[in-house]
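The values are calculated or read from the model by the stated rules, or taken from the named source; none is laboratory data. Keep in mind that what you see is a predicted model, and the values were worked out from it rather than measured. So basically every Cβ, Gly included, is an ideal-geometry build from the backbone, and we count neighbours across all protein chains shown. Only protein heavy atoms, including side chains, enter the accessible area calculation; ligands, DNA and RNA are left aside. Shrake-Rupley method; radii C 1.70, N 1.55, O 1.52, S 1.80 Å.
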Amino acid sequence: QVPPVAPSRRTRAESVGMGKEKAGFLTPKAIGNRIKAKGLQKLRWYCQMCNKQCRDENGFKCHCMSESHQRQMQMFSENSGRYMDEFSVAFEEGMLEIIARKARSQRVQANVLYRDYIADRNHTHMNSTIWETLTDFVMYLGRTGKCEVDETEKGWFVTYIDRDPEKLRRLEERAKRERTELDSEERHERDLLRQAKVARAAVGDDALASAATELRRENPDQKVALAMGSGLVSRGKPKLAVPSCSAFGVGDEEEPSDGHDSAGGASGVGAGAAAGIPRGGKAPAIASLIAEETRRKESAGRKEYWVVPGLVVKVLNKKLKEGKYYKQKGTIEKVIDRYTAHVRIHATGDLIQLDQDELETVIPKEGSRVRIVNGAHRGATAQLLSLNVDEFCVAVKISDGAHAGRVIERVEYEDVCKLDAS
């Protein structure tokens, strides 16, 4: 009989190798390991210097004893401040990116933003930064002016302050344009004063001074006739030999100026003599100067921005919170850089940040208090007297300032806004 041949070492090695090949990529254990590696692990088993996440305490202990970790820790001990600054900058940039995306127009709880940040498995951990807690980091954002922070019973809330270079450039261009307009207005005012001085020199100061004159008639029996319209007395009637003075000229070529009613000889004598405007020619230079000055005041009071605290406004943004605040009314609590406002919504009590292009003025009922937000009387408080729905304008009565009691007609809807009762 031939004795059985014992298997060689090569045969056993080949059999072991075949067994390892069976426990490959698709085994349950391998699949479970990959699933665990995808999700977040415990923070205490994470090494920031090596960017390595361990799944248990034993694995983390083995990693800390490894040569690569010891080498990284030696580098950290030589310049710990530089490494902590790098980790802090990376953590701040990642958090600000999420804050800028989710807390730009409304305040959001800091814990919610932090949970969104750590959802990324490769994020920079806060325990490797200069901030020990999230509260310290939030207070740092508020102290440096990068965000507006607010502490409530529910925790810290954060609102992003937009410092986009493109937006800052637009604001700077807008401010420069306003300064240019002011300079042009000053030059225009100097031109008006110079023209008025030339007009006074041409007609004389005595002619412009208003003085009362005595009515004299050579024949006491002669009847007094007043000319209506053209200033001429009816044919066949005697005419009073009293010189008439009109601000709009004398004779058949009289023309009423804008905003005044021509009442013939009687109004010409009364108005012209009272104003002290010399006779002769078309509308004199002083009348055109007055009209020009009125138009200048109107243009000087009109600005591109109009939002101020205390106004009741309506939201026009359809995209914010999927249209949750569209057509909702709120009160402006704070104004940022002239064009952005914090609005407290009446229905929900939410505080949101909106641009003035996303707001419109609210017109209240008659008798309510309003504020003139644009035009010649910008900033004045008034009482709403009446509404003209067909022409989209209102009539108001100013209740404070130098023009108190004055009634302003035909004020556009966009130039007045309701004031908050509280």
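Among the listed pairs 29/61; 176/329; 176/397; 52/154; 154/418; 197/223, a Cα-Cα separation exceeding 30 Å is found for 176/329; 176/397; 52/154; 154/418; 197/223. Spatially, the stretch 312-375 and the stretch 53-94 are offset by 50 Å when compared through their Cα centroids.
Both the radius of gyration and Dmax for the stretch 282-422 are 17.0, 63 Å, in that order, over alpha-carbon atoms.
About its Cα centre, the dipole of the stretch 111-206 is roughly 320 debye, where the only charges are +1 on Lys and Arg Cβ and -1 on Asp and Glu Cβ.
Remark: the Cα gyration tensor places the stretch 299-369 in the oblate category, a/c being 1.5 or greater and a/b not exceeding b/c.
Using mean Cβ contacts within 10 Å as the protection proxy, how do 169-180, 334-345 order, highest first?
334-345, 169-180
Normalised by 2.2 N^0.38 Å, where N is the number of residues, the alpha-carbon radius of gyration of the stretch 79-219 equals 2.23. Each Lys or Arg adds one and each Asp or Glu subtracts one; over the other residues with Cβ under 11 Å from the Cβ of residue 327, this totals +3. The candidates 392, 137, arranged from most to least accessible area with a 1.4 Å probe in the full protein assembly, appear as 392, 137.
Panel values: the stretch 92-145, Kirkwood radius from alpha carbon pairs, Stokes-Einstein at 20 °C and 1.002 mPa s, translational diffusion coefficient 184 µm²/s. Ordered from highest to lowest accessible area with the whole protein assembly present and a 1.4 Å probe, 369, 44 read as 44, 369.
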